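The values are calculated or read from the model by the stated rules, or taken from the named source; none is laboratory data. Computed from a predicted model, the values in this text were never measured in an experiment. Cβ placement follows ideal geometry from the backbone for every residue including glycine, while neighbour counts extend to all protein chains displayed. To get the accessible areas, we keep the full protein, side chains included, count just its heavy atoms, and leave off ligands, DNA and RNA. Shrake-Rupley method; radii C 1.70, N 1.55, O 1.52, S 1.80 Å.
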Amino acid sequence: MNYQPVSKQDRMKFLDLFRGFSLIGLPFVNILALWVMLKPDTRVDFWIQRALYFLVEARFYDIFCFLFGLGFYLFLSRSAPKGQTKLFLYIRRMLILLALGYIHQQYQSGEALFLYAIIGLVVIPLYWAPRTVNLVLGVVGFSAAAAIGVKMLTIPFLIILGLSAGQYQLMEKIQKGLPYLGRIWFISFIASTVGIGIMWWVAPPDAMSPFLYEVIGASLPVAEQANMDAAFRLEHIGVAIGPVVSIFYLSTLLRLNQNMTFSKMLSPLHAFGRMALTNYVAQTIILLVVYQLIFADAAVSYMVSTLVCIGMVILQVIASNLWMRWFQYGPLEWVWRCGTYLSFIPIRKKHSEPRVHDTRARG
């Protein structure tokens, strides 16, 4: 295929595409912390739960964490406005995120923004560390956290890996034609298949509780305890192979984006991703409102919750594209930006921006 050089603006569109893609999967897992869920009692719910463990849990979440680390690097690598220090701007940016995350945490106990802000402040010195040091620290740290089996402990190291990717100029390499993209895709596909195959092998034969931690320490019958032990092994393996599956997802996305037809089909995700902060918080608000108004604290099946999440994501993608026709930033992105620079930044577009469909990876 014959591809033309792209601008820096188009390079950033890849980050928006990745963010938009990661936002698709987050609500299917986050809803478990917002709604009371029924333990699967039908074959449909049973297989939906399995699909979430195999394909969603610790997959999109890993991408979201990684992209935060990459965004950390991109922000500090830019030139600061005249008279301002980019480090102070970044600290102020994290403090605003910390406040927003704290508020969000009051309604969504599993939210990530509060922790992202704390980690974003703690790892500031690593921006000046050699990229090899950050890469090794990220890989070793994640491996240790995955071995323990605690997903929350993987967040700092996924963020450090994102920082390392920025130092290795990952986005620039994608635009120039990421070396060995086909091999990366194939190896990650094989590794993902093997990993998910192992998950399938260790998975308990019966449906699992939506919240495994609720039954820790409980006195259970032997058969049920064996089922629960298998569920924990399944979850631990899922966390460990999360980055591999995430790499497969992103490399697949890049390969699809090389095709004009698929590039146009994926283009709505750019606006969705540009409003990542707004859409992430909005997902919590929408799910809580829907749950209270329609289900009134009643337990809900996996099938119903999945259908609600699909509908919500579709509506958010449509709303994001309509919003970005007239505005430069999403609502929360605008507040975050104004607070970071302590100045009023116009949110309305001065004129219509040409729509760019061809944001394909070059190579």
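Of the residues making up the range 262-276, at least one is under 24 Å from Ala117 (Cα atoms) and open to solvent by 50 Å² or more (accessible area, probe 1.4 Å). Among the candidates Ile345, Ile314, single out the residue that is surrounded by fewer than 17 Cβ atoms within 10 Å (Cβ to Cβ), under 22 Å from the mean Cα position of the chain (by Cα) and on the phi < 0 side of the Ramachandran plot. The unique qualifying residue is Ile314.
Residues in the range 152-184 that are surrounded by fewer than 20 Cβ atoms within 10 Å (Cβ to Cβ) and within 30 Å of Phe232 (Cβ to Cβ): Met152, Leu153. Specify the residue that is farthest from the chain's Cα centre (by Cα); the eligible residues are those in the range 299-311 that are open to solvent by 50 Å² or more (accessible area, probe 1.4 Å) and without any contact (Cβ under 8 Å) to a residue 60 or more places away in the chain. That would be Leu307.
State yes or no: is Val289 under 30 Å from Met199 (Cα atoms), open to solvent by 30 Å² or more (accessible area, probe 1.4 Å) and modelled with pLDDT of 95 or more? Considered against the rule, which asks whether it is under 30 Å from Met199 (Cα atoms), open to solvent by 30 Å² or more (accessible area, probe 1.4 Å) and modelled with pLDDT of 95 or more, Val289 comes out as no. Here Ser343 clears all of (1) farther than 30 Å from Leu38 by Cα; (2) among the small types (Gly, Ala, Ser); (3) in a helix (DSSP H, G or I) except the condition numbered (3). Just the residues that are open to solvent by 10 Å² or more (accessible area, probe 1.4 Å) and either of a type in the set (S, T, N, Q) or closer than 20 Å to Leu98 by Cα (or both), please, taken from the range 27-72. Correct list: Asn30, Thr42, Tyr61, Phe64, Phe66, Phe68, Gly71.
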